[in-house]
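One structure is given below, encoded as structure tokens.
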There are 2 protein chains.
Amino acid sequence: MADRQDGARERLIEGTRELLWDRGYVGTSPTAIWRASGVGQGSMYHHFQGKPDLALAAERRAAQAMQQQVRESFAREGSAYERISEYLLRERDALRGCPIGRLIADPEIAADERLREPVRETFAVLHACLTSVIEEGKAAGEFDAGIDAEQTASALSAVFQGGYTLARAEASTGPFEQAIAGALALLRRSMPASH
Amino acid sequence: MADRQDGARERLIEGTRELLWDRGYVGTSPTAIWRASGVGQGSMYHHFQGKPDLALAAERRAAQAMQQQVRESFAREGSAYERISEYLLRERDALRGCPIGRLIADPEIAADERLREPVRETFAVLHACLTSVIEEGKAAGEFDAGIDAEQTASALSAVFQGGYTLARAEASTGPFEQAIAGALALLRRSMPASH
DNA sequence: GTCTATACGGCGATAGAC
DNA sequence: GTCTATCGCCGTATAGAC
């Protein structure tokens, strides 16, 4: 990857990432970006062509980060259930929302193939990791053979994203934690008593 | 409620509701509202004080509609599981997102007590309905006594909201349907064989 | 109630100097 | 590479006539 040769470019990506996370694409102005990044306007337009270009770079950065976290959690030691719960219970700022999931609420991101791609890819990675760990669990007799790995993976991903929504609506992390706990409790019911 | 005496006011509320649903609060301009509503600008500012006022009226309208749908589904005949699945499988435009859940992604709505309230209230109603139907199911022996009604209700609400996110990311309703199906499948595993 | 006119700041970008 | 100046348009109203 590109080394830290370029301070301004780097700071712009990080600044954009933070703003997109909190305010979304429509809510983020180029002016806010260079101010938040501590960079001059001219400098910003030297490094990036404009707002979509900035957003794409920031999205790719955020997508990389989340995909790495996902892979880390699922690469750990432990039973299938342990790895799943490790990921779901990982420390998070539930009130801030998901840095990736937040983006797709914006129509300008949803409608643009290029801007949507990092989001799509990240959820695909999460879904693939969940599916394969559930399959492993089934093969090991940890989960009932009757559960559908793909469907269950989708349900778990969704609980996760939806948890953020519920938490923000209550202005409390409680609903997020409760939703995760509920999902894990349901999942445990697909485990034979021996586990 | 107020009758259809006031065409302009009514059309403004509906227009705002549509725009908020698709574009969120930051993405919705007063100009877009009066244009979409087929109303003059002066007329709009006669009926409403400004953007927050318009948004609040539209949010309340949307909240009423969703709460009514929720209550309808859970008031039906049928077992607890049937009523839950009736609601979850109800016809929806998954790619458009939830008209209520969409709002809370916006920082200006999340940060404003008044604008957040209709969202909070609506999810509270959904959660209460789910919780009580699960309790009924437990009492009737339909669900295992071991499941926590509140947690499970949170998990189901979250699957729902998260399903929209996943669907938009893929630009397909598939992930939404798969997540719902996965959640219902897990729920069925908390039902004794007799049901 | 509805209309048109006006205002001021911010958005998103370009130009050209240094 | 970075800076300042400038641009045209839009967002979010307010004012006052009809």
inquiry  = Report the Cα centroid-to-centroid distance between the range B:105-180 and the range B:6-58 in angstrom, as an integer.
reply    = 28 Å
ask   = Using a simple spin-label model with points 7 Å from Cα along the Cα→Cβ vector, what separation in nm is obtained for B:ASP93 and A:ASP144?
value = 3.7 nm
note = Gyration tensor on Cα atoms of the range B:59-103, a ≥ b ≥ c root eigenvalues, a/c under 1.5 rounded, else prolate if a/b beats b/c, else oblate, says oblate
query = Nm distances between the label at A:ALA8 and the same-position labels in the remaining copies, 7 Å along Cα→Cβ, shortest first?
reply = 5.1
ask   = Can you list, shortest first in nanometers, how far B:GLU82 lies from the same residue in the other copies, with each label 7 Å from Cα toward Cβ?
value = 4.4
message = From Cα pairs below 8 angstrom and at least 6 apart in sequence, can you work out the relative contact order of chain A, rounded to a whole percent?
response = 21 percent
task = Report, in degrees rounded to the nearest 10, the 0 to 90 angle that the Cα long axis of helix B:149-170 makes with the longest principal axis of chain B.
result = 60 degrees
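Please give the calculated 222 nm ellipticity per residue for chain B, where each DSSP H segment of at least 4 residues contributes -39500 (n - 2.57) and the sum is spread over every residue; nearest 500 deg cm²/dmol? Mind dumping the intermediate values first?
Details: 10 runs with 138 residues, N = 195.
One gets -22500 deg cm²/dmol as the mean residue ellipticity at 222 nm.
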note = Contact order relative to length for the range B:31-116, counting C-alpha pairs under 8 Å separated by 6 or more residues, stands in percent at 25 percent
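How large is Rg over Rh for the protein assembly as shown, taking Rg from the Cα atoms and Rh as the Kirkwood inverse mean of 1/r across Cα pairs?
Values: Rg = 22.1 Å, Rh = 22.1 Å.
That ratio is 1.00, to two decimals.
How far, in nm, would the chain grow between B:SER194 and B:ARG71 when pulled straight, counting 0.36 nm per residue and subtracting the alpha carbon separation?
41.5 nm
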ask   = Can you pull out the GluC sites (Glu not before Pro) in the range B:84-187 that DSSP calls coil and that have at most 10 other Cβ atoms within 10 Å?
value = B:GLU91
ask   = Once a ≥ b ≥ c are taken as the square roots of the eigenvalues of the Cα gyration tensor of chain A, is the result rounded (a/c under 1.5), prolate (a/b larger than b/c) or oblate (a/b not larger than b/c)?
value = prolate
request  = Over the range A:106-195, calculate the relative contact order: mean separation of alpha carbon pairs under 8 Å at least 6 apart, over the residue count, as a percent.
outcome  = 25 percent
request  = Label the range B:1-96 by shape, choosing from rounded, prolate and oblate, from the square roots a ≥ b ≥ c of the eigenvalues of the Cα gyration tensor; if a/c is under 1.5 it is rounded, and otherwise prolate applies when a/b is larger than b/c, oblate when it is not.
outcome  = prolate
message = Between 0 and 90 degrees, rounded to the nearest ten: what's the tilt of helix B:7-23 against the longest Cα principal axis of chain B?
response = 60 degrees
ask   = Would you list A:CYS98, B:CYS129 from fewest to most Cβ contacts within 10 Å?
value = B:CYS129, A:CYS98
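Computed from the coordinates by the stated procedures, all read-outs in this text should not be read as laboratory data. What you are looking at is a predicted structure, and each value in this text was computed from that prediction instead of being measured. We place every Cβ from the backbone using ideal geometry, glycine too, and count neighbours over all the protein chains shown.
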